[in-house]
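S.K.: Please read through the structure below; I'll follow up with questions.
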């Protein structure tokens, strides 16, 4: 039952398609190369990569035709990001695209000259990626999706969905540069509702199962992880704990509820920015984009399995209800 159509990201700022740099050239030109640094593995990233390529096409670039993309996968090990970023710099790529704040910081430390376009879940200014959103300065720009800023809203929604829960758990990656900000936002939200907060710290993907098996004592969870969707959803179901997630793809995979902006739309914008830079734009002149619309998605089947009644107030606000 679709409530209303959601259009994520900031579509209004997308540029008109430009001609490929090869168009009309009498002599063959060197094919530009984009380095793509990704914290996860390819299987988890493919939908976002498709969105990135779509953004590139809007500026006249098609992978394997007039642009090459060098991929580097951290396979969930954030400690590998600095070496992978340095490897891309060694290969002298024309632009580096990154997803996640840890990858963005690794790329920034690796080069002050190669343009970098990033997808950030936190505040790019607070994490030191850019000087300001309107005037990034330096060699970085990108998209921030306000994951940290929405923690309090997700806390409010899950406590409304499960009003009997007196303890809310926050699941986060301790290696995320935004980890402390996640915790502070959640602590303030818990205090405002006079509830107890349980911090569930995950250092690596291999620890997720153990954290759920031994540490989850909360009546509901706020998940601050973007990767391992199927695993997290399956664990929440196995332990019969209601959870709210940062993006709708978790609900598509069987999660209970999500609230956030469209991640594919944000990554698509990275493709647009990468293409603009290849066409001569400077990162310092491209403002960091932030979403203006957010999507609330509920899975009725999961609610039924958890023996939860969806509050009418949430149904009325939902952008989509999956039956």
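The values are calculated or read from the model by the stated rules, or taken from the named source; none is laboratory data. This structure is a prediction, so every number in the text was calculated from the model and none was measured. Quick reminder, even Gly has a Cβ in these numbers, built from the backbone with ideal geometry, and neighbours come from all protein chains shown.
S.K.: What do you reckon, is residue 313 within 15 Å of residue 162 (Cβ to Cβ) and at pLDDT below 95?
M.R.: Yes: the conditions hold for residue 313.
S.K.: Within region 299-318, does at least one residue satisfy the condition of being in contact (Cβ under 8 Å) with a residue 40 or more places away in the chain, assigned to a loop (DSSP other than H, G, I, E, B), outside the structural domain of residue 120 (by TED's automatic domain parsing) and more than 23 Å from residue 239 (Cβ to Cβ)?
M.R.: So far as region 299-318 goes, yes, one or more of its residues are in contact (Cβ under 8 Å) with a residue 40 or more places away in the chain, assigned to a loop (DSSP other than H, G, I, E, B), outside the structural domain of residue 120 (by TED's automatic domain parsing) and more than 23 Å from residue 239 (Cβ to Cβ).
S.K.: Shifting gears a bit: Any chance region 96-107 includes a residue that's at positive phi and crowded, with 24+ Cβ neighbours inside 10 Å?
M.R.: yes
S.K.: I would also like to ask the following. Please specify each residue of region 43-63 satisfying the condition of being part of a helix (DSSP H, G or I) and touching a strand residue (DSSP E or B) at 6+ places or on another chain (Cβ under 8 Å).
M.R.: Within region 43-63, 45, 48, 49, 52, 53, 56 meet the criteria.
S.K.: Take the conditions in a strand (DSSP E or B), crowded, with 17+ Cβ neighbours inside 10 Å and in the same structural domain as residue 168 (by TED's automatic domain parsing) and apply them to residue 232. Does it pass?
M.R.: No, not satisfied.
S.K.: Of all residues being at pLDDT 95 or above and closer than 22 Å to residue 265 by Cβ in region 108-119, which is surrounded by the fewest Cβ atoms within 10 Å (Cβ to Cβ)? Just the residue, please.
M.R.: 115
S.K.: Before we move on, is residue 243 in contact (Cβ under 8 Å) with a residue 40 or more places away in the chain, farther than 22 Å from residue 102 by Cα and over 17 Å from the mean Cα position of the chain (by Cα)? It would help to see each step written out before you state the result.
M.R.: On the way: in contact (Cβ under 8 Å) with a residue 40 or more places away in the chain: yes; farther than 22 Å from residue 102 by Cα: yes; over 17 Å from the mean Cα position of the chain (by Cα): yes.
Criteria met by residue 243.
S.K.: Just to check your reading of the model, which residue among 208, 199 is part of a helix (DSSP H, G or I) and farther than 27 Å from residue 69 by Cβ?
M.R.: 208
S.K.: Do we find a residue being assigned to a loop (DSSP other than H, G, I, E, B), more than 22 Å from residue 173 (Cβ to Cβ), out of contact with any helix residue (DSSP H, G or I) (no Cβ under 9 Å at 6 or more places or on another chain) and at pLDDT 95 or above anywhere in region 68-89?
M.R.: no
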